[in-house]
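Novice: Take this structure, written in structure tokens, and hold onto it; I'll ask about it next.
The values are calculated or read from the model by the stated rules, or taken from the named source; none is laboratory data. Since we're looking at a predicted model, the values are computed, not measured. Note that each Cβ is placed from the backbone with ideal geometry, even for glycine, and that neighbours are counted across all protein chains shown. The protein model used for the area step is the full one, side chains on, heavy atoms only, and it has no ligands, DNA or RNA in it. Shrake-Rupley method; radii C 1.70, N 1.55, O 1.52, S 1.80 Å.
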Amino acid sequence: DGDTTNTEDNRTDNHSAPKRRFSAALAHTLFDNFVMVIVYITVLMVTTALLEGRHALIPHELMHDLIPAVKVSWKVSIMGFAPLQLLSFHFLPIKLRVLAVNVLDVVWVTVMSYVTHLNRH
């Protein structure tokens with residue numbers, strides 16, 4: 001009788017595991033693309049300014065360029081980046097997930113670099 005209950009629990013877990021995995025992937029993707037992106041873009045802008053020797057312009061650029069850059073990132077996320085990331089988190093094995101996320105990140109950094117350099121002379 002205990003074995004039957006255990007088997008029923010395993011069957012329930014097997015059916016709910018994909019839903020839990022999808023929910024976790026969705027939460028991770030939304031948090032990454034719509035919350036943490038603010039931190040990522042800030043770090044990108046500050047690091048780029050420091051490496052380019054524009055230390056004094058950092059506050060000005062953050063005030064004027066951060067929000068537009070975040071909005072562009074959100075648009076890129078909505079137009080395809082977030083769904084691709086969600087699919088990779090949900091369906092790909094961890095070994096391939098790292099590669100997929102890195103490829104997507106190269107595209108994202110390229111777009112963000114272009115956007116952050118638009119207003120610079």
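Novice: If I take R0 = 35 Å and measure r between the Cβ atoms of K71 and A17 in this structure, what FRET efficiency does the formula 1/(1 + (r/R0)^6) give, to the nearest 0.05?
Specialist: E between K71 and A17, to the nearest 0.05, is 0.45.
Novice: In nm, to one decimal, how far is the T47 label point from the F31 one, both placed 7 Å along Cα→Cβ?
Specialist: For T47 paired with F31, the spin-label model returns 2.1 nm.
Novice: Any chance you could run the full-extension gain for L62 through V39? It's 0.36 nm times the residue separation minus the Cα-Cα distance, nm to one decimal.
Specialist: 7.1 nm
Novice: Please give the contour-minus-distance gain from D105 to L87: 0.36 nm per residue of separation, less the Cα-Cα distance, rounded to one decimal in nm.
Specialist: Extending this stretch completely gives an extra 5.0 nm.
Novice: How much of the accessible area of the stretch 69-121, in percent, comes from carbon and sulfur atoms when a 1.4 Å probe is used?
Specialist: 75
Novice: OK, next. Suppose we look only past 17 Å in the calculated P(r) of the stretch 40-121. What percent of the Cα-Cα pairs does that tail hold?
Specialist: Roughly 50 percent, rounded to a whole number.
Novice: On average, how much area does the Cα convex hull of the stretch 27-87 cover when viewed from any direction, in nm²?
Specialist: For the Cα atoms of the stretch 27-87, the hull's average projected area reads 4.2 nm².
Novice: Still on this structure, I have one more. Using a cut-off of 15 Å between beta-carbons, work out the net charge of the residues near N102 (Lys and Arg +1, Asp and Glu -1, N102 not included).
Specialist: Around N102, the surrounding residues sum to 0.
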